[in-house]
Amino acid sequence: MDLDLRKLRYFVAVAEKLHFGRAADELHIAQPVLSRQIRALEKDLGAPLLTRDSHGVTLTDAGRQLLTDAGPLLASAHAARRRVTVAARGDRRLMVGFRAGVAVTPAVNLFAARHPDVLVDVQRIEGDDQAPMLLDGRIDIGYVRPPIDETGLRVVPLYTEPRVAVLPAAHRLAGKEEVTEADLAGEPLVWHAGPSTQPTRHPHPNAGYRARGVDETLEHVAAGRGISFLARSATVFYSHPEVVYVPVPDLAPDEVCLAVAASRNSPVIDDFFAAAQAAAEVTAECGNYAMWQRGGETAAQ
């Protein structure tokens, strides 16, 4: 039997709140109706999903598994609906998401030379938004930085860049031309990755304080709550009077990848991938952002 997406949405609401009344209020339906839909879903699947007793609602093993699988399923359905709506309107538009420090303009300029009829819009995204926004269709293509959950995605490495230490201006190493990881051992760290970050990716064991986005990171570093690490491109896009950037040559480089939902098959998306890869090659040859930008604009003419 096919899985009913409406029942699945109802189940997710109950599973997240573990309370039928609150889930019914969120869904704007009567609680008895919700209970009947959940029982019908359990019958469809041939397995109990929830345990209901005087202590409340808990998930069974089958319920926990369904909750894990439900997110990508519902996101895929939402994205399919959005793409059909866009196709029906005849829109020629790409929404490109990008992480802080990534320059999208060179690729957009190259792409526009081949597809002048396609509007390319851009949107800044954070680490914890990368996979969800691709899967639910809010962005069509993403310039992403690992770590990222690649489930349901096609992820292609694009380029790497050195990382720098982000230090308070009064830090003992702020005046150095470069530092090593050993120099920074034991420093408290303001960590700016998404919630999926794995401990093995932390630069040192003191990683703990997490900020969302570069702006928050700089504010916390300036306040003396710790140091941080960013891709070198951040030094072009972000500055702060109480923060300095110092190269760390022995630190593992930062990686930028292109990502798209695995279900997306489009010549237009393939062409944007090609433009992004060509722009990245210009970046590698030029060696700095200013030349990268000029190279991308020149190639598009």
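What follows draws every value from the coordinates through simple rules; no lab data is involved. This structure is a prediction, so every number in the text was calculated from the model and none was measured. Heads up, the Cβs are rebuilt from the backbone with ideal geometry, glycines too, and the neighbour counts pull from every protein chain shown.
Please express the shape of the range 5-77 as an equivalent ellipsoid: the semi-axes are the square roots of 5 times the eigenvalues of the C-alpha gyration tensor, given largest first in whole angstrom. List each step's numbers first, then the result.
Values: eigenvalues 57, 44, 27 Å².
Working through the eigenvalues yields semi-axes of 17, 15, 12 Å.
Using +1 at the Cβ of each Lys and Arg and -1 at the Cβ of each Asp and Glu in the range 35-164, identify which of Q123, T151, S54 lies farthest towards the dipole's positive end.
The residue sitting farthest along the positive end of the dipole is Q123.
Determine the equivalent ellipsoid of the range 1-128 by diagonalising the alpha-carbon gyration tensor, then write out the semi-axes as square roots of 5 times the eigenvalues, largest first, rounded to whole Å. Don't skip to the end; give the middle numbers.
Values: eigenvalues 337, 57, 33 Å².
Each semi-axis is √(5λ); the values are 41, 17, 13 Å.
Please give the charge dipole size of the range 90-200, origin at the Cα centre, charges +1 on K and R Cβ atoms and -1 on D and E Cβ atoms. Round to the nearest 20 debye. Each step should come with its number before you reach the end.
On the way: 11 positive and 16 negative charges, 57 e Å.
Its charge dipole is roughly 280 debye.
Quick check: net charge around V179, other residues with Cβ under 12 Å of its Cβ, Lys/Arg +1 and Asp/Glu -1?
Values: positive: R163, R172, K176; negative: E177, E178, E181, D183, E187, D250.
Once all neighbours under 12 Å are counted, the net charge is -3.
Checking the cross-link filter: which lysines have an alpha carbon closer than 26 Å to that of K43, excluding same-chain neighbours under 8 positions apart?
Those lysines meeting the cut-off are K7, K17.
Sequence-distant or interchain residues sharing an amide H contact under 5 Å with D149, placed H: which?
Result for D149 returns A131.
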